[in-house]
Structures are given as structure tokens and as C-alpha cells.
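Where a number appears in this text, it was derived from the coordinates with a stated rule and is not lab data. Because the structure is a prediction, the values reported are computed rather than measured. Cβ: placed from backbone, ideal geometry, glycine included. Neighbour counts: every protein chain shown.
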Amino acid sequence: MRVLIGTTIFLITLIGFGFYSQARLTTQSNNLVVYVNTIENEAKNENWLRAENELVRFEKKWDRIQNHWDLVIEHHEMDTIDEAVAKLKKYLVVRNLDLTLAEISTIKHFLLHIPTKERFNLQNIL
């Protein structure tokens with residue numbers, strides 16, 4: 001009987017952690033997308049210095065969040081975001097709107113894809 005109670009408590013804790021992690025991933029991802037949208041708007045308006053400043057704020061936030069995401073998601077996707085941010089930084093410096101918007105699109109895609117990919121559902125289990 002003790003084994004059954006212990007197993008039940010463990011499973012409830014594990015499932016609870018899964019839902020909590022999913023909620024955090026979604027919230028943090030959406031918060032990061034707000035920064036990226038601001039960078040996009042500033043670049044479209046050719047406010048390059050503001051876009052660069054917003055990218056600095058994004059990077060600080062991303063560095064903090066990345067430490068938490070290391071525990072629950074694959075590193076490949078985070079590496080892809082890191083690469084896109086590095087490219088974006090250079091594109092902002094040289095004031096290339098087309099390439100800037102392309103990298104912003106890549107960053108947004110992965111930021112929104114990660115919570116969906118990590119969601120607890122039958123498709124992700126199988």
C-alpha cells in the first residue's frame with residue numbers, strides 16, 4: 001500500500017512539474033517575442049539605434065531565461081536562436097533591413113515553436 005501511495009505522489013508531482021514547466025515556457029517565450037516585435041518595428045521605422053538597444057535588452061533577458069530552459073528543452077533549438085541573435089546583431093549594425101527581418105522571423109519562429117514542441121500531448125509522446 002505504501003508503494004502505491006508513494007508512486008501516486010511521485011506521478012502527481014511529475015505531471016504537476018510538467019504543466020508548470022509548460023506554462024513557464026509559454027509565458028517566457030511570449031515575453032521574449034514582445035522584445036523581438038519591438039526590434040522589428042524599430043528596424044522597419046529605421047530607428048537602428050533603438051533596435052540595437054532593444055536587442056541588448058532581449059539578450060539580457062534571453063541569457064537569464066536560457067539557464068532555466070537548459071533543464072527542459074533540447075539545446076539545438078536554443079543554439080539556433082543564439083546564432084540568429086548573433087546574425088541579427090550584425091545586420092542591425094550594417095543597417096540591412098531585409099536580412100534583419102529574416103533573422104527576426106527565425107527568432108520568432110523558434111521562440112514560439114519551443115513551447116509547442118515541448119507541450120505534453122499524445123503527438124509528442126508517440
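Take the Cα of Asp63, go 7 Å toward its beta carbon, and the backbone nitrogen atoms of region 84-119 under 18 Å from that spot belong to 84-90. With respect to the chain, whose longest principal axis is taken over its alpha-carbon atoms, helix 48-69 is tilted by about 20°.
If you count Lys pairs in region 7-126 whose Cα atoms are under 23 Å apart, skipping same-chain pairs closer than 8 places in sequence, the total is 19. For the chain, the longest principal axis of the C-alpha atoms and the axis of helix 97-118 are separated by about 0°. In the frame of its principal axes, region 25-118 has Cα extents of 37, 18, 18 Å, reported largest first. Checking every one of the chymotrypsin sites (Phe, Trp or Tyr not before Pro) in region 33-126 against DSSP loop status and a limit of 16 other Cβ atoms within 10 Å picks out Phe120.
Multiplying the sequence separation of Val3 and His109 by 0.36 nm and subtracting their Cα-Cα distance, what value in nm do you get? Write down the numbers at each step before the final one.
Details: separation 106, 0.36 × 106 = 38.16 nm, distance 4.41 nm.
Separation in residues times 0.36 nm, less the Cα-Cα distance, equals 33.7 nm.
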